[in-house]
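**Student:** So that we are looking at the same thing, I have put the structure below in structure tokens.
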Amino acid sequence: MTKQDLRIKTRDGVSKAGLFRSAKGSSARAGVILYQDAFGPRPALDGMAERLASEGYAVLVPDLFYRNAPYGPFDAKTAFTEEQTKAALMALVTGTTQEMTISDSAAFLDALAGEGVTGPIGTVGYCMGGARALNVAAAYPDRIKAAASFHGGNLASDAGDSPHRKAATIKARVYVGMAGVDRSFPPEQSTRLAEAFREAEVDHVLENYVGMAHGWCVPDHSVYDETGAERHWKRLTALFAETLV
């Protein structure tokens, strides 16, 4: 497994990113952009990217918080329980808008192409990255062939940048894995999102991971659940195997 450190020039500055490939995927044309959760790029996400790369993809993990670097690092188990780190995290999250990530993703896609990844692209996001994975699919429908969100928040909120509002421009196949109980994505939002996808004729699946808490997929979270995480891997790799060809 190799990690290549990139510096990607965007409209607003330079984002550091890790590009992961395995020997199996050293010449991969298909790629994946992995959108971070609220704690930013770190070893736990690197490990997840490596696992995806072992399936034969080139996997890019960009730093969405680069406008405010340096920051952190944060301990995912305690960061939201300590007032000082919670405030710092919330400032990073709220200060990095959906539109910023959509704009940045043009540069991310160009960076992948510059590394020889010129085939179909998938997106996957966790927590705050979930909505971004879907919004990017809507913004670049000719490049993004699959988009997945796991414990993503506010996927069908009243906000103007809510992903459900952009369903009509999504051409990708979409998978949404929901935590069993998640204040950031309550049942009324899942109903609204499903209806928006149906009306737009988006090929989609919404799946409820009963008993899982927000953050269950990521191994350094306090609520990490190995059984639920393995189920997520099964769904994600099947989605990409069927679409990134």
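The values are calculated or read from the model by the stated rules, or taken from the named source; none is laboratory data. Keep in mind the model is a prediction, meaning the values are calculated, not measured. All Cβ positions, glycine included, derive from the backbone under ideal geometry; neighbour counts span all protein chains shown. Each accessible area value is taken on the protein alone, full model and side chains, heavy atoms only, with ligands, DNA and RNA left out. Shrake-Rupley method; radii C 1.70, N 1.55, O 1.52, S 1.80 Å.
**Student:** Being farther than 19 Å from Gln98 by Cα, aromatic (Phe, Trp, Tyr) and modelled with pLDDT of 95 or more, is that true of even one residue in the stretch 210-232?
**Tutor:** Yes, some residue in the stretch 210-232 is farther than 19 Å from Gln98 by Cα, aromatic (Phe, Trp, Tyr) and modelled with pLDDT of 95 or more.
**Student:** Right, another one. Need the failing condition index for Asp220 against (1) in contact (Cβ under 8 Å) with a residue 40 or more places away in the chain; (2) closer than 15 Å to Gly130 by Cβ; (3) part of a loop (DSSP other than H, G, I, E, B), just the number.
**Tutor:** (2)
**Student:** Same structure, new question: Which number in (1) assigned to a helix (DSSP H, G or I); (2) in contact with a Ser or Thr (Cβ under 6 Å, 6 or more places away or on another chain); (3) charged (D, E, K, R) marks the one condition that Arg165 misses?
**Tutor:** Answer for Arg165: the failing condition is (2).
**Student:** Now for a different question. Do we have Glu50 as surrounded by 17 or more Cβ atoms within 10 Å (Cβ to Cβ), among the acidic types (Asp, Glu) and in contact with a Ser or Thr (Cβ under 6 Å, 6 or more places away or on another chain) here?
**Tutor:** No.
**Student:** Report the residue count in the stretch 134-180 for those that are among the polar types (S, T, N, Q) and in contact with a Gly (Cβ under 6 Å, 6 or more places away or on another chain).
**Tutor:** The number of residues fulfilling the criteria is 1.
**Student:** Kindly provide the set of residues from the stretch 125-164 that are buried (at least 24 other Cβ atoms within 10 Å of the Cβ) and of a type in the set (S, T, N, Q), ordered by number.
**Tutor:** Correct list: Asn135, Ser149.
**Student:** Out of the helices (runs of 4 or more DSSP H) lying entirely within the stretch 58-155, which hold 1 or more residues that are among the aromatic types (Phe, Trp, Tyr)?
**Tutor:** Answer list for the stretch 58-155: 98-114.
**Student:** Still on this structure, I have one more. How many of the residues making up the stretch 1-41 are among the charged types (D, E, K, R) and closer than 15 Å to Phe108 by Cβ?
**Tutor:** So the count comes out to 6.
**Student:** Please go through the stretch 198-245 and give me each residue that is in contact with an Asp or Glu (Cβ under 8 Å, 6 or more places away or on another chain) and among the basic types (Lys, Arg), ordered by number.
**Tutor:** Arg235
**Student:** Any idea which of Ala229, Ala194, Ala167 is without any contact (Cβ under 8 Å) to a residue 40 or more places away in the chain, buried (at least 16 other Cβ atoms within 10 Å of the Cβ) and closer than 19 Å to Lys77 by Cβ?
**Tutor:** Of the residues listed, the single one that is without any contact (Cβ under 8 Å) to a residue 40 or more places away in the chain, buried (at least 16 other Cβ atoms within 10 Å of the Cβ) and closer than 19 Å to Lys77 by Cβ is Ala229.
**Student:** Tell me, yes or no, whether the stretch 31-54 has at least one residue that is of a type in the set (Asp, Glu), more than 17 Å from Phe74 (Cα to Cα), at pLDDT 95 or above and not in a strand (DSSP E or B).
**Tutor:** Scanning the stretch 31-54, I find at least one residue that is of a type in the set (Asp, Glu), more than 17 Å from Phe74 (Cα to Cα), at pLDDT 95 or above and not in a strand (DSSP E or B), so the answer is yes.
**Student:** Given (1) under 16 Å from Gly153 (Cβ atoms); (2) part of a strand (DSSP E or B), identify the lone condition not met by Gly211.
**Tutor:** Going through (1) under 16 Å from Gly153 (Cβ atoms); (2) part of a strand (DSSP E or B) one by one, Gly211 breaks only (1).
**Student:** Could you look through the stretch 83-110, keep only residues that are aliphatic (A, V, I, L, M) and more than 17 Å from the chain's Cα centre (by Cα), and pick out the one that is most open to solvent (accessible area, probe 1.4 Å)?
**Tutor:** If we take residues in the stretch 83-110 being aliphatic (A, V, I, L, M) and more than 17 Å from the chain's Cα centre (by Cα), then Met90 is most open to solvent (accessible area, probe 1.4 Å).
**Student:** Can you give me the number of residues within the stretch 214-226 that are open to solvent by 40 Å² or more (accessible area, probe 1.4 Å) and of a type outside the set (Phe, Trp, Tyr)?
**Tutor:** The total comes to 6.
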